[in-house]
Each structure stands twice: as structure tokens, then as C-alpha cells.
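First the structure, in the form of C-alpha cells, and then the observations on it.
The values are calculated or read from the model by the stated rules, or taken from the named source; none is laboratory data. On a predicted model such as this, the values are computed, not experimentally measured, just so you know. Virtual Cβ from ideal backbone geometry, glycine too; neighbours counted across all protein chains shown. The accessibility values were calculated without ligands, DNA or RNA, using every heavy atom of the protein model including side chains. Shrake-Rupley method; radii C 1.70, N 1.55, O 1.52, S 1.80 Å.
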Amino acid sequence: VQLMESGGGSVQIGGSLRLSCVASGSISSINEMTWYRRTPGLERKLVAAIFGGGDTRYADSVKGRFTISRDNAKTTTYLQMNNLQPEDTGVYYCAAGPGPRFWGQGTQVTVSS
């Protein structure tokens, strides 16, 4: 399974970004897709997850602001990020499977005043 993120960038406080993660390879067995954020000096932390049945899970810090979704073919996973704050700054990684087993290369999100 290969994962490719896109959609990162620099925005002002209160702005929005939509991250995309395109999956290729043996994706039929992948039910769980997740987004992680790594802030300099800290470990990667789970931001959002979506499961095969459509259930979702979010970190407390992003609830009500971020939305994770997948297309019907389950080849692309999205992270809609609204009302971005400076603490949302970091490298965002798409991941697949339990563990997670597969990781993308990451995309930078920078939120500034």
C-alpha cells in the first residue's frame, strides 16, 4: 500500500485547509485510515480516524473543527480542517491499517497570525 498526501500549506488563524490522501496498491484489505500530526520535538499524535463502517474518531483538540472522510471507492481519504489555530501547525501524515502499518510522506501545515 502506498499513500500520498497533498493539500498542506500556510494559512492564517481561522483559515481552512483540506488534506487529501490517495491510496494505491492492495487497498481492498484496508479498513482503518488515520491522520496523524507531528509537531517539532514531539511524537506523532493521532488527529482523526475513520473505520470501515464509516465510524470516526477525533482528538479532543480538533473535535468540531476537523472532519475525516473517504470517497466511496476508499482510494482517497480527506481531512477537512476549519478554524485552524497555531497549535494545529505540524506535519500531517496519512496512515493505513492497524498499527498503523503504512504511512505517507507527510504534508506541512503552518498556521500563523
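Odds and ends about this structure:
- Under 5 Å between amide hydrogens, built in the peptide plane, is the criterion, and for V47 it picks out W35, Y36, R37 among residues at least 5 positions away or on other chains.
- With all protein chains in place and a 1.4 Å probe, the accessible surface of the stretch 6-79 carries 45 percent carbon and sulfur.
- Karplus-derived HN-Hα couplings along the stretch 79-89 (A = 6.51, B = -1.76, C = 1.60, θ = phi - 60°), whole Hz, x at Gly and Pro: 9, 7, 10, 10, 6, 5, 10, x, 6, 7, 4
- For the stretch 57-113, accessible area per residue (1.4 Å probe, heavy atoms of protein chains only), Å²: 49
- HN-Hα J in Hz across the stretch 107-113 - Karplus 6.51, -1.76, 1.60, θ = phi - 60°, x for Gly and Pro: 9, 7, 10, 10, 10, 9, 8
- Gaussian network model of the chain, Cα within-10 Å springs - most flexible of G97, G25, G54: G25
- Loop-located chymotrypsin sites (Phe, Trp or Tyr not before Pro) in the stretch 11-113, at most 15 other Cβ atoms within 10 Å (DSSP): F51
- Subtracting the Cα-Cα distance of D71 and S10 from 0.36 nm times their residue separation leaves 19.4 nm of extension gain.
- Here the stretch 1-57 is treated with +1 on each Lys and Arg Cβ and -1 on each Asp and Glu Cβ, and its dipole about the Cα centre works out to around 180 debye.
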